[in-house]
1. With respect to A205, determine if the residue is open to solvent by 10 Å² or more (accessible area, probe 1.4 Å), of a type in the set (A, V, I, L, M, F, W, C) and free of Cβ contacts under 8 Å to residues at least 12 places away in the same chain.
2. Mind listing whichever residues of the stretch 313-360 are under 15 Å from R59 (Cβ atoms) and among the hydroxyl-bearing types (S, T, Y)?
3. One residue is enough: does the stretch 364-372 have a residue meeting the conditions without any contact (Cβ under 8 Å) to a residue 24 or more places away in the chain, open to solvent by 30 Å² or more (accessible area, probe 1.4 Å) and either assigned to a helix (DSSP H, G or I) or out of contact with any Ser or Thr (no Cβ under 7 Å at 6 or more places or on another chain) (or both)?
4. Looking at G139 and the list (1) at pLDDT below 90; (2) assigned to a helix (DSSP H, G or I); (3) more than 21 Å from the chain's Cα centre (by Cα), which single condition is not satisfied?
5. Quick check on the stretch 258-272. Is at least one of its residues open to solvent by less than 30 Å² (accessible area, probe 1.4 Å) and modelled with pLDDT under 95?
6. Scanning for something among the hydrophobic types (A, V, I, L, M, F, W, C), open to solvent by 30 Å² or more (accessible area, probe 1.4 Å) and out of contact with any Ser or Thr (no Cβ under 9 Å at 6 or more places or on another chain), does the stretch 14-33 turn up at least one residue?
7. Inside the stretch 142-162, can you point out the residues that are touching a strand residue (DSSP E or B) at 6+ places or on another chain (Cβ under 6 Å) and assigned to a helix (DSSP H, G or I)?
8. I need the helices (runs of 4 or more DSSP H) fully contained in the stretch 34-135, keeping only those with at least 3 residues that are open to solvent by 30 Å² or more (accessible area, probe 1.4 Å) and at pLDDT 95 or above.
Amino acid sequence: MSSCPVGAHGELPGFPFPGSGYDGPAPLLARLAAERPVLRVDWTGGGHAWLVTRHADVRAVLEDPRFSRAAAYAPEAPRFSGLFQAPPGMIVSLDPPDHTRLRDLASQAFSPDRVEAMRPRVREVAGRLLDTLEKEADGGPADLVAGFAAPLAMTVICELLGVPEADRDRFHSWVRRFADVSAPEEESAEGGRLLGGYIAELVAARLGEPADDVLSALASARSGEDRLSFDELVGLGFTLLGAGFDSSAGQIGNFTALLLARHPEVWRRLGEEPREVPAAVEELLRVVNLNGNDTSGLPRIALEDVRIGGTTVPAGDAVFLAFVTANRDPDVFPEGARPDFGRSGNPHLAFGHGIHRCLGAPLARLELGVALEEMTRRFPDARLAVPESELPWRAGDVNHNLSRLPLHLRRSTA
């Protein structure tokens, strides 16, 4: 890979470049971010796009209405193989004013007070799962993904949506099918169809008989006479799934793997000083690469010729944002490739920026923080049961997600 030319006229391999991992971008992309901040790439499978890699330029694109999300769904818009694309009409697929209206209504269900009120329940679920995991491991390796990360995130999202416990296993299986970009298109579509049908049933039930869940709060949201339509409620249910389950479950595993493999002293300190957990979560969000193709995964279309980072992006072309390199930009984060758990100020872009900043960011922070607090407090001497190089990753996922994370859950030997 290092022999690939990166000069002004050098040829590059197809994008996404190989070699990306949870601990950083593909090596070639890391080099290019320093040399060509806005880069034209040929997409593997056909077509081309522009890749924006630096922090200031990524923020500029996210703030500029001339880069449209909705235009990516037009018949003439470029298409990219192997890329998960959210269904049209969802909040992440819209531009203002449609996006503004939908977000204003949806934000009513995600007030800071509502999210914070979930903390005791999230902590209760986390504690119960860890108790069970330790007991079932009986001194042997325990799989943190199957026994803790996935069921914690799934329990939280199912309680948000009001999914009965009896339905959660099949609900989980549909989510996995829907998110697998390597599966045949018809299988992913079938997973999406089953999910959509089930969420529609939940919406209909909440409209008829509200409960104490976020889906009911969304159904009750009002702005004057305006309210969310049935289809909009279903779309927001999908959005909650994407933001609230797969990403949170994946990052619990990723954070744990990185800390235990490379920073066990930080793991132990967090168990002793839980007040340091929120800052550690922010630094881990910055440095751990969740996105499997090293971009935000959602293209934006230039509505006119736009100058960005010293380069003109032609009208009609697609733009992808490399959050992974923006979050390591040395102009913003000194020694940005290295975690600094004492970093003061952390304007990372893990949740995006601007109008499309992740609506579920407060809930994700809560889940990740509680998970780290509970794990480090209970198991300060935990360690990986296999070398980091042998950790198994889930093939085909949109994100860098571990299929298993075998750990020895050792309590303190002091």
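1. no
2. Once the filter is applied, which keeps residues that are under 15 Å from R59 (Cβ atoms) and among the hydroxyl-bearing types (S, T, Y), the stretch 313-360 yields only T325.
3. No, because not a single residue in the stretch 364-372 is without any contact (Cβ under 8 Å) to a residue 24 or more places away in the chain, open to solvent by 30 Å² or more (accessible area, probe 1.4 Å) and either assigned to a helix (DSSP H, G or I) or out of contact with any Ser or Thr (no Cβ under 7 Å at 6 or more places or on another chain) (or both).
4. (2)
5. No, because not a single residue in the stretch 258-272 is open to solvent by less than 30 Å² (accessible area, probe 1.4 Å) and modelled with pLDDT under 95.
6. no
7. Hits for the stretch 142-162 are L144, V145.
8. In the stretch 34-135, the matching helices (runs of 4 or more DSSP H) lie at 55-63.
The values are calculated or read from the model by the stated rules, or taken from the named source; none is laboratory data. Just so we're clear, the structure is a prediction, and the values are computed from it rather than from any experiment. Note that each Cβ is placed from the backbone with ideal geometry, even for glycine, and that neighbours are counted across all protein chains shown. Protein only, heavy atoms only, side chains kept; ligands, DNA and RNA dropped before computing areas. Shrake-Rupley method; radii C 1.70, N 1.55, O 1.52, S 1.80 Å.
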